[in-house]
1. Identify, by number, the condition in (1) away from chain A (no Cβ under 14 Å); (2) in contact (Cβ under 8 Å) with a residue 60 or more places away in the chain; (3) loosely packed, with under 15 Cβ neighbours inside 10 Å; (4) hydrophobic (A, V, I, L, M, F, W, C) that B:I182 doesn't meet.
2. For A:V438, indicate whether it is within 14 Å of another protein chain (Cβ to nearest Cβ) and either out of contact with any Pro (no Cβ under 8 Å at 6 or more places or on another chain) or part of a helix (DSSP H, G or I) (or both).
3. Residues that are assigned to a helix (DSSP H, G or I), touching a Gly at 6+ places or on another chain (Cβ under 8 Å) and over 23 Å from B:V237 (Cα atoms): does segment B:183-195 have at least one?
4. More than 14 Å from chain A (Cβ to nearest Cβ), over 25 Å from A:N266 (Cβ atoms) and modelled with pLDDT of 95 or more, is that true of B:G107?
5. Looking at segment A:237-270 only, could you name the residues that are more than 10 Å from every other protein chain (Cβ to nearest Cβ) and basic (K, R)?
6. Among the residues of segment B:213-235, count how many are over 28 Å from B:V122 (Cβ atoms) and surrounded by 16 or more Cβ atoms within 10 Å (Cβ to Cβ).
7. Take A:P384 and decide whether it is more than 10 Å from chain B (Cβ to nearest Cβ), of a type outside the set (A, V, I, L, M, F, W, C) and in a helix (DSSP H, G or I).
8. Looking at segment B:98-136, which of its residues are exposed (fewer than 14 other Cβ atoms within 10 Å of the Cβ) and under 16 Å from the mean Cα position of the chain (by Cα)?
Amino acid sequence: MIRIGRRKLLKLSVAGAAAAGSRGLATILALGQAPAYAQGTTLHWLRWNDFVPASDEVLRRQIIPECQKALGVKLNIEMINGNDIQARTTSAIQSGTGPDVICALNNWPQLYAESVVDVSDLADDIGKAQGGFYEESRVVANDGKKWVALPWCILGAMLAYRKSWFEEAGYHAGQFPQTWEEYRAAGKKLKATGRPLGQTLGHTFGDAPTYTYPYTWSWGGKEVEADGKTVTLNSKATVDAVRFMVGFWKDAYDEGGLAWDDSNNNRAFLAGTISCTLNGASIYLEAKRKPDTYLTEKGTPMKDDILHSPLPRGAGGEFGYHLPMSNMVMAYSKNQKAAKDFLRWITSKEVYQAWFNSQQGYSVGATTVWENDPLWKQDPVMLPFRSAARSGRFPGYAGPADRHAAEVLSKYIIIDMYAKAVQGVPVEDAVKSAHEAVQAVHAST
Amino acid sequence: MAVVSAGSKSASILSRKRGPIGRLLENEWWLACLLLLPTAVLLGLFIAYPFVKGVLLAVTDAKVGIPGQFVGMQNFEALWHDGIFRVAVWNTFAYTAITTVFKLAFGLWLALLLNRDFKGKVFVRAFILLPFIIPTVLSTFAWKWMFDPTFSVINWILLHLGLISQRINWLGDPHLAMLSVIVVNIWRGVPFYAISLLAGLQTIRPDLQEAAAIDGARPWQRFWYVTWPLLLPVTMVVVLFSVIQTFADFQLVYVLTGGGPANATQLFATYAYQIGIGTGLLSQGAAISLAMFPVLLAVVVVQLLYIRRVEIH
């Protein structure tokens, strides 16, 4: 991992500001004076609590002081549980006061398109400078007319699994199950030995949608047609997917997953109660951070027994949904210009690099330039994440990731379809009820 | 007579000395208005305004950041066809009814025990209040850990005692999840009942019990014919408050299950929050919230009428 000290970051910050190059920032920095707008300006940035604590430390200890030096802006970063960001956003918009910049997950920015500042100029510049945005980043932050948010990163979602346990079950290195049937068979063997697979089907922002959506697509299921209006969820492909899941859940999964949030599978995996789970790389990175704490049953560091793999393929193909994050500049903010300049500064390659490095591959960036970063040469276990975002589809497929898709996601309709079925609701009823709920969303304006 | 004349004279002088405001306040009606003003302002700001705002939102198609147009009863019609809303309605009634019965029974039992003389009475009474004193979010987090699908201490104990062979899925099974939120609500609510009913018990004169005992009444008869009728008005008020709070409960369920699994523990408040605040469909969220109002109004009216009748008798 490349270490960047405070001095180096300062240099990079200045270079970043120069790279940002607009509105005379470089000139202002060269003169050593803060911009006129920035005298006493405080920017409030609302974010989630990162699953890689080192990245929050970089923001607090390095980015905040460098922002003050580079832009003359006092940065106030508030970090909360990712599941609470939507509630905070709604209350901020309705009350007309709150954070100047909010870092949204998934395609939530589509829900707030009327309440955010157009950041198309920023997105165009950053995209051009950094090899273009991933399609997933673009569709969640662009409503078809303008950029409603500036993409920040994509968190790769991969299966993290215990190498030795899969080997004991007969799946040696390079032979990880490639299809859902194979994965189910492996999970059945593992569960029989007290090492089930683990997966949340609960109301939570990350692991639940990044599992259920690609799972549905891989069977050929989809919410709507490409026109974005014709709801096609209730199809043979979806019914097959849900029916398979019912048996799969009983055969292979830890059935407590129905009540899990995004952190439960991390805890369960690190405690050695599950053998495999769809996750960002946070499990591996935590095991790597504390090699003496997280040990295998043999007493060896667990980090050496973890590998990553994409989700298996089904009749419809192999897909992933990797969690996108993007920053919205709020329309009620009195510091819109400062907020946009801040985003231009922090997403410039030179400044973003410090944060990207601290992620150690947990985040793959929002632009393709990060695939070529030397970071990927440091740890082969993280290599599957490098280009993961290229295989990503987005909620709302085959239609756009628009407001309707964001509403379907926020209501957890697809996730609940599976959760209901594994709880015993007849498969056809669970799919029909989800189909009607998606129809109701699309029927609304 | 001379005294009266002197009094009238001095009152008349005082009246002349007072300004127009002073004279206005001589009028009881205006004085009453002035004294009521702070309360009226507070009620208006914090009760009436949000309520009216909620009603207005519920009849529009407002979304977060979009004021919306008037759509009449459209949101309520949509609720009628919403399966999750029906689950939330059923859950809310079941949750309120079951917890109220148990809270009343345990609370009354505890109050009767605490009303006796024993060593450390003050300490025990303070200790009993703990679940009620601890912030709900904090205590519910503790319960969440106890019901954790993987690390539940309850499961750990039962497994080690050999009473179960595999973990119980407390929060992942729809029925057990509902049972769990009910148990936690009862745990949290019993002290409120116990302390309130204890206060009621202490207002009952001991000589009534003694007289009944002398007349040969057994303990159960003394409770049923002496204690209970005298405790009933207090009980009704306590139940009234409790029903309102439980019916509109949010924190406990939100922290413990978030309404899951698959909406199995959604209540009015948690579902309204998910739709209105989480998804940003403000009008639909307001409609769900408002659906609670007629029920609560009916409960309040019936109970207040009953209390008045009991008091008259």
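1. Going through the list (1) away from chain A (no Cβ under 14 Å); (2) in contact (Cβ under 8 Å) with a residue 60 or more places away in the chain; (3) loosely packed, with under 15 Cβ neighbours inside 10 Å; (4) hydrophobic (A, V, I, L, M, F, W, C), B:I182 breaks only (3).
2. When the stated conditions are applied, A:V438 passes them.
3. Within segment B:183-195 (the criterion being assigned to a helix (DSSP H, G or I), touching a Gly at 6+ places or on another chain (Cβ under 8 Å) and over 23 Å from B:V237 (Cα atoms)), the answer is no, since none of the residues qualifies.
4. Yes.
5. A:R243, A:K250
6. Of the residues in segment B:213-235, 1 are over 28 Å from B:V122 (Cβ atoms) and surrounded by 16 or more Cβ atoms within 10 Å (Cβ to Cβ).
7. Against the criterion (more than 10 Å from chain B (Cβ to nearest Cβ), of a type outside the set (A, V, I, L, M, F, W, C) and in a helix (DSSP H, G or I)), A:P384 qualifies.
8. B:V101, B:I133, B:P135
The values are calculated or read from the model by the stated rules, or taken from the named source; none is laboratory data. If you're wondering where the values come from, they're calculated on a predicted model, not measured in any experiment. A quick note on method: Cβ atoms are made from the backbone with ideal geometry, for glycine too, and the neighbour counts reach across all protein chains shown.
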